[in-house]
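In what follows, a single structure is set out as structure tokens and then discussed.
Just so it is clear, none of the values below were taken in a lab; they were calculated from the coordinates. These numbers were taken from a predicted model, which means no experiment stands behind them. Every residue, glycine among them, receives a Cβ derived from its backbone with ideal geometry; neighbour counts consider all protein chains shown.
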Amino acid sequence: MAHRRMELAAAAFLGILANGAPACASDVANGERLAVRWCAPCHVVSPGQTRAQADAPSFAAISATRRIPEIDGFLRQSHPQMPDMSLTRNEISDLIAYMQTLAAPLDPAAPPSRKDDYAPPTRG
């Protein structure tokens, strides 16, 4: 029994190291509901969505260009360009889990971005 607890603790610790976020069960379906309710007016939050504001990055782009801790930290703060949603930790976790279904998350070993505007990288 004690050995099993050590295995679980090690797995949780490795999850934190890999993601920078606690290893916990997130509700992807709830993340999608929250995205549609709060985020879809500005961001493309699903593959089937056809309209959003031009200057707001898609959830797929955010997931592909930002680390989980960056997204988490961004969603915990209020921003003038976004509604003050006052999301709980679980809701933030659910939103991030949903984002990860749209694009592979950024490699945790990649260097952090320097901007907080979530603009997709430019090619040129």
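Observations on the model:
- With only the Cα atoms considered, segment 26-102 has a convex hull volume of 84 Å³ per residue.
- Estimated inter-spin distance, ASP84 and VAL28, nm [label 7 Å along Cα→Cβ]: 3.4 nm
- Relative to its residue count, segment 52-95 spans a Cα convex hull of 86 Å³ per residue.
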